[in-house]
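The values are calculated or read from the model by the stated rules, or taken from the named source; none is laboratory data. Everything quoted here is computed from the prediction, not taken from an experiment. Positions of Cβ are generated from backbone atoms using ideal geometry, with glycine treated the same way; all protein chains shown enter the neighbour counts. Note: areas computed on protein heavy atoms with side chains; ligands, DNA, RNA excluded. Shrake-Rupley method; radii C 1.70, N 1.55, O 1.52, S 1.80 Å.
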Amino acid sequence: MNHTSDELPPDWPTTERQALAVQLDLRTRVVLDEPGPPPGAPLTAVGVDVAYDDERDLVAAAAVALDARTLDVVAEATAVGRVAFPYVPGLLAFREIPAVLTALRRLGAEPGLVVCDGYGLAHPRRFGLAAHLGVLTGLPTIGVAKNPFTFHYAPPGPDRGDASPLLDGDEEVGRALRTRTGVKPVFVSVGHRVSLDRACDHVLALARDFRLPETTRRADALCRRALAQAVTGG
DNA sequence: GCGACAG
DNA sequence: ATCTTGTCGC
């Protein structure tokens, strides 16, 4: 079985300067005026995540497809390759996306929604990982992050479902969403072809039993396994 | 100049 | 992201 990632996309940026230019170009193609898939209806929600071994210059990505109503796993795929870009705040997409694209190609399911680990429009140039992946694939995408990055928010109410705006100055770039009563919120932002209200509805449904959506929990576990297996061999 | 900084 | 023990709890 071939678990090696394909080569990088031909013109993948090497320098920060190139990456910035790509962001400024691609960000004009983000679609923000579609509501996205309706919550409650049949939906294949795909979680994507990436794990690293910087020592060995390895990256492992996972894509896990769930039935959004039952949270059952319906398909899985992984991809292991070389790290494509260093971690630079604001340029995370260039580090994560190549391996994620390979994993998505290998997934035997058509995603109705892709849930990313990180941000979409909540980004210094309004083009985070989730928005970038959406533009490259054409798929509806959202971002769910565990930290507020450089943004600010007033703590949402204490109950599951309570939310407050995630602010860049006075602009709402996402939402702090409480998925578990009394537990730190997650930070939701729009990627591509999904409204913020629906993004939060989907996150709440997917985070039925835990703070993080089941999509990201499954993808996180799988990419770690794939990385460990790649390092160990066999 | 200094601090902050998704994963 | 990753480095890392025990521990409390369902």
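For GluC sites (Glu not before Pro), the sites in region A:33-109 that DSSP calls loop and that have at most 12 other Cβ atoms within 10 Å are A:Glu55. Take A:Ser164, project a point 7 Å from its Cα along the Cβ direction, then tell me which residues of region A:114-131 have their backbone nitrogen under 19 Å from it. Residues A:122 qualify, since their backbone N sits under 19 Å from the label point. Per residue, what accessible area does chain A have, given a 1.4 Å probe and all protein chains present, in Å²? Heavy-atom accessible area per residue stands at 46 Å². All Cα-Cα separations within region A:174-217 were binned at 5 Å from zero, giving a P(r) of 5, 26, 33, 25, 9, 2, 0, each value a whole percent of the pairs.
Out of every Cα-Cα pair in region A:16-232, what percent are more than 33 Å apart? In whole percent, the share of Cα-Cα pairs in region A:16-232 beyond 33 Å is 9. When +1 charges are put on Lys and Arg Cβ atoms and -1 charges on Asp and Glu Cβ atoms, the dipole computed for region A:1-121 relative to its Cα centre reaches about 160 debye.
For region A:156-168, putting each phi into the Karplus relation 6.51 cos²θ - 1.76 cosθ + 1.60 with θ = phi - 60° gives couplings of x, x, x, 8, 3, x, 5, 8, 9, x, 8, 10, 10 Hz, in residue order, rounded to whole numbers and with x for Gly and Pro. Entry note, chain A: the mean residue ellipticity at 222 nm calculated from DSSP H runs of n ≥ 4, each adding -39500 (n - 2.57), is -9000 deg cm²/dmol after division by the residues and rounding to the nearest 500. Here region A:78-142 was treated as a single set of alpha-carbon atoms; its pair distances binned every 10 Å from 0 give 22, 54, 23, 1 percent.
When the Cα convex hull of region A:135-234 is projected onto planes of every orientation, the mean area is 8.1 nm².
When only the Cβ of Lys, Arg, Asp and Glu is charged (+1, +1, -1, -1), the dipole of chain A relative to its Cα centre reaches about 300 debye.
Computed over protein heavy atoms with a 1.4 Å probe, the carbon and sulfur contribution to the accessible area of chain A reaches 50%.
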